[in-house]
Amino acid sequence: MQQAFFNTVKNSIPPNVSLVDVVADLLNLSFDSVYRRIRGEKPITMNELKTLCDHFHLSVDQVLQLQSDSVVFHAPDINTTTVSIEEYLTGVLKQFKYFNAFTNKQMLYLCKDLPMWHFYSYPEIASFKTFCWIKTIFNDPEYQNKKFSLAEFPFHNCYQLGQQILMEYSHLPSVELWNYESFTSSIKQVEYYRDAGLFSNKEDFKIVLDAFDKTLDHIQHQAERGRKFMPGATELAYKQPFQLYVNEVVLGNNTIMVELDGSHLCFLNYNFLNYLMTNDHRFTSRSHAIFQNLVSRSTIISGTGEKYRNNFFSHLHEKVAALR
């Protein structure tokens with residue numbers, strides 16, 4: 001059982017990271033002592049078990065192979081009173097860099113809303129969405145009486161972080177399942193800000209809508225190629241596969257599953273931008289099976305299906321045009 005536990009730990013770290021080094025550092029032990037524990041020659045103590053489970057986000061149920069119906073989730077920042085948007089974006093960037101540290105990797109995304117990193121494709125839409133999140137979701141009191149202005153709120157640091165996230169995303173193969181409502185919440189935000197008079201001027205409103213259209217065009221271009229790349233990149237940069245499916249019936253719930261050298265992680269969205277994470281095999285296996293079932297009942301619009309792809313993105317562009 002102890003050997004199985006350390007195998008689980010090993011599968012949760014990138015292949016270029018030494019299990020012995022990590023455990024020795026966490027438990028303040030010599031390499032020899034760590035090897036003896038890994039081989040099962042010396043039992044790990046309860047304190048050591050707790051330290052390792054806390055660090056690698058493992059549940060005791062998993063370690064002891066108990067057949068309970070409990071699933072342990074890790075919730076980043078749950079113990080933090082306030083998190084800035086820059087800290088949030090830094091955390092997302094750290095996750096993507098972790099994914100890309102593995103050799104064989106793939107992201108499966110059941111998408112209810114447009115993935116947040118796409119909003120950092122262009123600075124104007126990045127500025128608006130960042131302002132919206134800070135004012136409406138983070139409820140920053142300093143923004144309570146503020147109106148959105150591109151000149152006043154460019155959020156250069158956030159845009160740079162978002163661009164780095166987008167770059168890491170473009171290096172990660174993905175299979176994504178969208179629907180016709182995946183763009184609705186963002187359109188509603190723009191509509192609300194317009195109707196509530198929260199744009200400082202009409203020109204900024206028009207520029208933000210133009211940025212929405214450019215973002216949709218870029219995603220469509222990637223879907224057409226079946227490859228990911230940054231805005232403005234040449235075909236030499238078209239590398240990682242991008243499989244995009246559309247389901248006309250099921251509305252997703254922003255679930256992300258990541259396959260990393262045989263191990264699996266599952267992320268669930270909650271409280272708008274926050275997420276829960278688990279590597280519980282039962283949960284990830286069932287989530288993966290449901291995702292594959294939905295994909296089998298959906299229409300692929302990347303690399304093929306030109307007519308359906310054009311219709312899908314035309315529908316999203318019409319939502320933007322309706323605001324003009």
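Check whether at least one residue in segment 4-17 is more than 28 Å from T103 (Cβ to Cβ) and of a type outside the set (F, W, Y), and report yes or no.
Checking segment 4-17: not a single residue is more than 28 Å from T103 (Cβ to Cβ) and of a type outside the set (F, W, Y).
From F212, F242, which residue is assigned to a helix (DSSP H, G or I) and not small (G, A, S)?
After ruling out the rest, the residue left standing is F212.
Would you check which residues across segment 266-297 are within 20 Å of D69 (Cβ to Cβ), touching a strand residue (DSSP E or B) at 6+ places or on another chain (Cβ under 6 Å) and aliphatic (A, V, I, L, M) and list them?
Residues satisfying the conditions are L268, L276, M277.
For the list (1) surrounded by 14 or more Cβ atoms within 10 Å (Cβ to Cβ); (2) within 18 Å of Y122 (Cα to Cα); (3) under 22 Å from the mean Cα position of the chain (by Cα), I need the number of the one condition that V208 fails.
That leaves (3) as the condition not met.
Do you know which residues across segment 270-288 are surrounded by fewer than 18 Cβ atoms within 10 Å (Cβ to Cβ) and under 30 Å from E224 (Cβ atoms)?
L273, H288
Out of the helices (runs of 4 or more DSSP H) lying entirely within segment 70-182, which hold 1 or more residues that are touching a strand residue (DSSP E or B) at 6+ places or on another chain (Cβ under 6 Å)?
Output list reads 85-100, 123-132.
Within the set of pairs 6+ apart or on separate chains, which have a first residue in segment 1-24 that is more than 15 Å from E48 (Cα to Cα), a second that is part of a helix (DSSP H, G or I) and among the aromatic types (F, W, Y), and C-beta atoms under 6 Å apart?
Short answer, once both residue conditions are applied: S12/F56.
Quick check on my filter: what residues within segment 22-36 are acidic (D, E) and either within 16 Å of N7 (Cα to Cα) or over 35 Å from the mean Cα position of the chain (by Cα) (or both)?
Across segment 22-36, the qualifying residue is only D32.
Take the residues in segment 186-205 that are among the basic types (K, R) and within 29 Å of the chain's Cα centre (by Cα), then tell me which one is surrounded by the most Cβ atoms within 10 Å (Cβ to Cβ).
R194
Condition test on V250, is it in contact with a helix residue (DSSP H, G or I) (Cβ under 9 Å, 6 or more places away or on another chain), at pLDDT 90 or above, assigned by TED's automatic domain parsing to the domain that holds T130 and β-branched (V, I, T)?
no
Considering Y245, Y238, Y270, which residue is touching a Lys or Arg at 6+ places or on another chain (Cβ under 8 Å), of a type outside the set (K, R) and assigned by TED's automatic domain parsing to the domain that holds E181?
Y238
Y308 - would you say it is at pLDDT 90 or above and among the aromatic types (F, W, Y)?
In short, yes.
Condition first: of a type outside the set (S, T, N, Q), part of a strand (DSSP E or B) and touching a residue at least 60 places away in the same chain (Cβ under 8 Å). Now tell me which residues in segment 254-266 satisfy that.
If the condition is that a residue be of a type outside the set (S, T, N, Q), part of a strand (DSSP E or B) and touching a residue at least 60 places away in the same chain (Cβ under 8 Å), then I256, M257, V258, E259, L260 are the ones that fit.
When the residues of segment 267-298 are narrowed to those that are touching a residue at least 40 places away in the same chain (Cβ under 8 Å) and in a loop (DSSP other than H, G, I, E, B), which ends up farthest from the chain's Cα centre (by Cα)?
Residue satisfying both the conditions and the ranking: R297.
On the given criteria, is F99 under 26 Å from the mean Cα position of the chain (by Cα), assigned by TED's automatic domain parsing to the domain that holds Y120, of a type in the set (F, W, Y) and surrounded by 17 or more Cβ atoms within 10 Å (Cβ to Cβ)?
yes
The values are calculated or read from the model by the stated rules, or taken from the named source; none is laboratory data. Because the structure is a prediction, the values reported are computed rather than measured. Here the Cβ is made from the backbone with ideal geometry for all residues, glycine too, and neighbour counts use every protein chain on show.
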